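> Below is a structure I'd like to ask you about.
The values are calculated or read from the model by the stated rules, or taken from the named source; none is laboratory data. Just so it is clear, the model here is predicted, and its values are computed rather than measured. Positions of Cβ are generated from backbone atoms using ideal geometry, with glycine treated the same way; all protein chains shown enter the neighbour counts.
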Amino acid sequence: MKHRLKSILCPVVVTAMLLCMAVACGTTSIEENSNTVEEEMIEKEPIVVGFSQLGAESDWRSANTQSMKSSFTGLDGYTMIFDDGQQKQANQIMAIRKFIQQEVDYIVLAPVTENGWDTVLQEAKDANIPVIIVDRRVNVEDESLFVCWIGSDFELEAQKATEWLHQYAENKKIPAQDIHIVNIQGTLGASAQIGRTKGLQDAAEKYGWDLLAEVTGDFTQTKGKEVMKSLLQEYDNINVVYCENDNEALGAIEALEEAGKKVGSNLINGEVMVISFDGINEKARSYVQEGKISCIAECNPLLGPLVRVAIDTVESGGVPNKYYYVNEEIFSANPNITSVTVDKKEYPVTIVAK
Ligand code: GYE
């Protein structure tokens, strides 16, 4: 796979064919014909991309995998070897080593957590295989170990969501100390968890909200439900549940409803507000319309085409941007908050019709 130009026909056959043609037609020199025909006979081997995906924990992840697979189908000069790391970094490291042995042309890594990639990425570099990081980030000493990173600004997503909550509380004149939040975090050590947790902690400190607890729900619906159940046993005053993805939110809503709570944004009337991230799951989107999820900060999983652009840039001798952020929206059914401002920049809220 390292030598991507191959002849369909061996030179002996080509020469024999050319001789016959030249003799039959009695035309120009064999040399001249030989070049043209041989060029036509040369075909490009596909570019092989080894993709180490971290797992299949959420709808976001499935959409991300799908986006990658449909960008490297094997039909138009790109093909992909897919490996599911099942949430374990050790599996992802093994997959990368296998890709190196297989001499793939590019390695794409969606890392489960940020730390511990230096050694294996150095191995890829030593083998001259360019590495592209997608979605979450890697925390490495030497940034030349990867060509570029493509993904979301997780902290910005959190800032948008928390600004939305702040405006909501201001509009309803709810004092900051009456906002009692629990955070169902994502996989600990994953960039999406780190950014979304930081955004909430900063806002809680800035506005004086009561951040009761932070517990991981591993980005899954099952764990989200389990964690919500035990939080409800521990605290009787929770009125905001901040879920670091939609699957956790769906689980948390199940637990809240089973405990007889009403989910919604009317905190004054005792409803429990749910805030979440992603916006790819159909049910979560319909919950926004119904007001069961008060707002979702979007996280865009469609990274496949962008990875292709990065590879094409490298193929044509260029250097892709080191960090490429995808654009993301914020969704809510509340018509009164039309935009949120973060670092003096205004982001419009997409108001979904009820
Ligand atoms: O938000 C969550 C997924 O890293 C952005 O991981 C990704 C997150 C996404 O499991 O649903």
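> May I ask you to say which residue of Ile96, Ile107 is surrounded by 15 or more Cβ atoms within 10 Å (Cβ to Cβ), in contact (Cβ under 8 Å) with a residue 40 or more places away in the chain and part of a helix (DSSP H, G or I)?
On the way: Ile107 fails: part of a helix (DSSP H, G or I).
It is Ile96.
> Scan the stretch 297-317 and tell me whether some residue there is more than 15 Å from the ligand (Cβ to nearest atom) and assigned to a strand (DSSP E or B).
No: zero hits.
> When residues of the stretch 52-80 are filtered for being within 15 Å of the ligand (Cβ to nearest atom) and in a strand (DSSP E or B), how many remain? Write out each step before concluding.
Of the stretch 52-80, the ones within 15 Å of the ligand (Cβ to nearest atom) are 52-68.
Narrowing further to those that are in a strand (DSSP E or B): 52-53.
The total comes to 2.
> Name the single residue, out of those in the stretch 130-156 being without any contact (Cβ under 8 Å) to a residue 60 or more places away in the chain and surrounded by fewer than 20 Cβ atoms within 10 Å (Cβ to Cβ), that is nearest to the chain's Cα centre (by Cα). Walk me through it before giving the result.
At the first step, the residues of the stretch 130-156 found to be without any contact (Cβ under 8 Å) to a residue 60 or more places away in the chain are 131, 133, 137-142, 144-146, 155.
After this cut, where a residue has to be surrounded by fewer than 20 Cβ atoms within 10 Å (Cβ to Cβ) as well, the list is 139-142, 144-145, 155.
Numbers: Asn139: 16, Val140: 19, Glu141: 23, Asp142: 23, Ser144: 21, Leu145: 20, Glu155: 14 Å.
If we take residues in the stretch 130-156 being without any contact (Cβ under 8 Å) to a residue 60 or more places away in the chain and surrounded by fewer than 20 Cβ atoms within 10 Å (Cβ to Cβ), then Glu155 is nearest to the chain's Cα centre (by Cα).
> May I pose another question? Does the stretch 195-218 contain at least one residue that is more than 19 Å from Val241 (Cβ to Cβ), part of a loop (DSSP other than H, G, I, E, B) and within 16 Å of the ligand (Cβ to nearest atom)?
no
> Which residues, taken from the stretch 223-238, are surrounded by 17 or more Cβ atoms within 10 Å (Cβ to Cβ) and among the small types (Gly, Ala, Ser)?
Gly224
> Would you confirm whether or not the stretch 99-106 contains a residue that is away from the ligand (no atom under 16 Å from the Cβ), in the same structural domain as Gly217 (by TED's automatic domain parsing) and farther than 25 Å from Cys299 by Cα?
Taking the stretch 99-106 as the starting set, the residues that turn out to be away from the ligand (no atom under 16 Å from the Cβ) are 99-106.
Those still in the list that are in the same structural domain as Gly217 (by TED's automatic domain parsing) too: none.
The answer is no, given that none of the residues of the stretch 99-106 is away from the ligand (no atom under 16 Å from the Cβ), in the same structural domain as Gly217 (by TED's automatic domain parsing) and farther than 25 Å from Cys299 by Cα.
> Free of Cβ contacts under 8 Å to residues at least 60 places away in the same chain, farther than 14 Å from Ile133 by Cα and part of a loop (DSSP other than H, G, I, E, B), is that true of Asp83? It would help to see each step written out before you state the result.
Working: free of Cβ contacts under 8 Å to residues at least 60 places away in the same chain: yes; farther than 14 Å from Ile133 by Cα: yes; part of a loop (DSSP other than H, G, I, E, B): no.
No: the conditions fail for Asp83.
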